[in-house]
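See structure below.
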Amino acid sequence: MPLVTSKQILQAALANHFAVGAFNANNMEQIQGIVEAAQEERSPVILQVSQGAIRYAGLEFAAAMVRTAASLVDVPVVLHLDHGYDFEQNVQCLRAGFTSLMFDGSKKSFDDNVAMTRKITEIAHIAGIPVEAELGRVAQSTDRLTPEQVRALMTDPHEAKRFIELTGADSLAIACGSVHAMQSQAAELDIDLIKAIHEQIPNTPLVLHGSSGVKTDSFMAAIDHGISKINVATYLNQAFTRGLRETLARYPDEVDPRKFLTQSREYVKEAVREKIRLFRSANTIDASGGFKSPSKQYRSADIGAAE
């Protein structure tokens, strides 16, 4: 089906207490593995293009691969910009056919973050495209911060309410204890903080970045309190490279790269399947491409198909 926007997908997740996996797509095999898993699990899915992927594959090429993958399945697929840091790149992604944008102003002052987020949101909304913003800052694993320093970066619930009122952003990435690029599952989320933010902005889907290092039991409570989009990057890269290493070791004389990349694609697919089930989004899409829900029925026309 054609690419869809993230707005109705995340609103459905928020209303029905599941989260949509937002998986970073770095190459063709990862894109195929992500979309195939979503199709088999009957789940909506968000494919994210990061700054690294843009440098690696190019903006237009990455967008075209995702668009092609979406056309081959009948579950909702979103093409999302992950961590857009300026106005120009968000506009370029809008022109390239992205169906969800992000402005990450987390390193800016509150006022500067508000001003740029509002500017991007205004132009995106004219085109019917939603915008994710970020308030607070999710640390990098390379920062080597103490728990106290990580806490100091967390999102303030009252600031979150004011931020959404001032910017009109459609979803909000929050800092609540996760850390980007962790290679082991050791991070505990601050569920009380997530709950407090959700109480301040109950109609705004919350976004969790840095999920690869989060302990499994933290996800359920987070989803129950408004986390509706969960980003996954490092976990997929680990699966991809593990498949590559194992196949290279098994067939050291093989020179056809497709033999190695096929295994990597399967490992990514299974990693995505695991996360889709963990996030409760499996079996939420019916045969017509709309949402199944005990409280609401979303059909293809309601999902926000991008022209």
Among the residues of the range 177-199, are any under 16 Å from residue 117 (Cβ atoms), of a type in the set (A, V, I, L, M) and either in a helix (DSSP H, G or I) or at pLDDT 95 or above (or both)?
no
Write out, first by first residue and then by second, each pair whose Cβ atoms fall under 9 Å of each other, whose residues are 6+ apart or on separate chains, and whose first residue, in the range 101-125, is within 13 Å of residue 168 (Cβ to Cβ) and surrounded by 14 or more Cβ atoms within 10 Å (Cβ to Cβ) while the second is among the hydroxyl-bearing types (Ser, Thr, Tyr) and at pLDDT below 95.
103/85
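Please indicate, with yes or no, whether at least one residue in the range 57-75 is in contact with a Ser or Thr (Cβ under 6 Å, 6 or more places away or on another chain) and not polar (S, T, N, Q).
From the range 57-75, those in contact with a Ser or Thr (Cβ under 6 Å, 6 or more places away or on another chain) are none; that's our starting set.
The answer is no; no qualifying residue exists.
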When residue 254 is run through (1) touching a helix residue (DSSP H, G or I) at 6+ places or on another chain (Cβ under 8 Å); (2) surrounded by 13 or more Cβ atoms within 10 Å (Cβ to Cβ), the failure sits at (2)
Any chance you could count how many residues in the range 256-290 are closer than 18 Å to residue 237 by Cα, touching a strand residue (DSSP E or B) at 6+ places or on another chain (Cβ under 7 Å) and not charged (D, E, K, R)?
2
Give me the helices (runs of 4 or more DSSP H) completely within the range 206-307, filtered to those with at least 1 residues that are at pLDDT 95 or above and of a type in the set (D, E, K, R), ordered by residue number.
234-250, 257-278
Just give me the residues in the range 267-279 being crowded, with 18+ Cβ neighbours inside 10 Å and of a type in the set (D, E, K, R), in sequence order.
269, 273, 275
Looking at the range 41-51, can you tell me whether even one residue there is touching a residue at least 24 places away in the same chain (Cβ under 8 Å), surrounded by fewer than 24 Cβ atoms within 10 Å (Cβ to Cβ), among the acidic types (Asp, Glu) and farther than 20 Å from residue 279 by Cα?
no
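The values are calculated or read from the model by the stated rules, or taken from the named source; none is laboratory data. Here the structure is a predicted model, which is why all the values come from computation and not from measurement. We place every Cβ from the backbone using ideal geometry, glycine too, and count neighbours over all the protein chains shown.
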